[in-house]
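The block underneath contains the structure these notes are about, expressed in C-alpha cells.
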Amino acid sequence: MSDRILTVRNLRKHFTLQRGFPRTVTVTVKAVDDVSFDIHAGEAFGIVGESGCGKSTMGRALLRLVEPDSGEIVYRGQDVRAASGAALRALRRKLQMVFQDPYSSLNPRRKVGRTLAEPIEVHGIAASRAEVESRVRGLLDEVGLPPDATDRFPHEFSGGQRQRIGIARALALEPELIVADEPVSALDVSIQAQVLELLRRLQAQRGLSFVFIAHDLGVVRYFCQRLAVMYLGRIVEIGAVDEIFTEPLHPYTRMLREASPIPDPAMRGRLPRIEGETPSPANAPSGCHFHPRCPHAKPVCREVYPPLQKIGGRDVACHLYGAEA
C-alpha cells in the first residue's frame, strides 16, 4: 500500500439539542463517536451506512467545516485541528470537498466562470487574469463541459452538469484528497455512471485520494478499494471492499449487503435479512448499538460496546469475534 496521507484517531463530534414542548429536554446526539481510520495516497476509501449514522458529519469534520469536539486529524504529519491562519489556508488547498446536492452547493446568482475563478484568485495560484481564465477553461474541459459554460448560471445546467461544476471547483486548487459526500445519490442512474467514471479518471490522472461517502454499496464497490461501515456514529467494520462484499463479518454489514441488489440469483437469500428500524441517534441503545436488531445478540452485547479488533485483514467491532465468543 502507498504512503499514508491522512490519519484519524478517536474523532468525536456531538450535538446538543433541545426537544419537547412545553417542557424541554436537553439531549446529546453522538454523531461521530470515537472514529479512527487511515487514508493512503491514491486510495478511494468508502464510508457507508444508513441515514443518520454520522458519515456526512464525519466528512465535514475532517475538513473542519464542522469543528470536532476531540480527536486527531493529521494530514501528512500536520495537525489539521491545530492549524489556523496561513497554515489552515494552505491545508484548504490540499483538502477539498464535493457535496451531495449539486445545486444548493453552488451560488445561484454567480456565473460558473466566477465560481471557478474565485478560489484560484484567493489562493494566488495564477499570476494574471489571462492565466486564471485559462485555468478555468482547462477545468471545464477536464470535467467534460464546454468553454461557454463560464457565462451561464447553475440553473441553466442539468443535475449531472452541476455536479461536474462542483467537481471542477474542488479541483481548482489542485488538492491531494477530496471528501465526496454522496456525490451521485441525487443523480439518475445513467448519469451516476458517467460521474463515477469521471471521478475514476481524475483519480488516475491526478493521483487523487478520496473519502467517498455513500449509502449505495454498489457505487462503493465500483469506486473504492477499502471500506468502513458506520452505525450510529461508530465504525463497525473496516476492510478491503472485495473481502467485505464476499464475506461480511459484522451482522450490520451483512444486513447492508443483503439490502444491496444482487445480480446473481444463486446468491440471493444466502445472507439472513435483519429487520427493524435504526434507533434515534439521540437515544442510542446501551452496549453495542446494533444489538436490538442483531439475531446473534448476547447478554454482553447489551452492556459493553465491543472494540475494533483485527480479524484476518479486517477490523471488526463485534462480540461474536471477541474473548466472550
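We did not get these values from a lab; they are worked out from the coordinates using the rules stated. The model shown is predicted, which means the values in this text are computed figures rather than measured ones. Every residue, glycine as well, gets a Cβ built from its backbone with ideal geometry; the counts of neighbours run over all protein chains shown.
Counting only residues that are on the phi > 0 side of the Ramachandran plot and either in contact with a strand residue (DSSP E or B) (Cβ under 7 Å, 6 or more places away or on another chain) or charged (D, E, K, R) (or both), how many does the stretch 75-124 have?
1
Of the conditions (1) without any contact (Cβ under 8 Å) to a residue 12 or more places away in the chain; (2) under 25 Å from Leu196 (Cβ atoms); (3) of a type in the set (Ser, Thr, Tyr), Thr24 clears all except one; give me its number.
All conditions are met except number (2).
Only residues that are surrounded by 16 or more Cβ atoms within 10 Å (Cβ to Cβ), touching a residue at least 40 places away in the same chain (Cβ under 8 Å) and either assigned to a loop (DSSP other than H, G, I, E, B) or of a type in the set (Gly, Ala, Ser) (or both): list them for the stretch 108-143, please.
Scanning the stretch 108-143 gives Lys111, Val143.
Considering only the stretch 40-56, I want to know if a residue exists there that is touching a residue at least 40 places away in the same chain (Cβ under 8 Å), touching a strand residue (DSSP E or B) at 6+ places or on another chain (Cβ under 6 Å), at negative phi and assigned to a helix (DSSP H, G or I).
Scanning the stretch 40-56 turns up at least one residue that is touching a residue at least 40 places away in the same chain (Cβ under 8 Å), touching a strand residue (DSSP E or B) at 6+ places or on another chain (Cβ under 6 Å), at negative phi and assigned to a helix (DSSP H, G or I).
So, in the stretch 57-77, of the ones that are of a type outside the set (A, V, I, L, M) and either touching a residue at least 60 places away in the same chain (Cβ under 8 Å) or part of a helix (DSSP H, G or I) (or both), which residue ends up farthest from Gly218 (Cα to Cα)?
Of everything passing the filter in the stretch 57-77, Ser70 is farthest from Gly218 (Cα to Cα).
Kindly evaluate Val29 against the criterion of being over 16 Å from the mean Cα position of the chain (by Cα), part of a strand (DSSP E or B), surrounded by 15 or more Cβ atoms within 10 Å (Cβ to Cβ) and of a type in the set (A, V, I, L, M, F, W, C).
Answer is yes for this residue.
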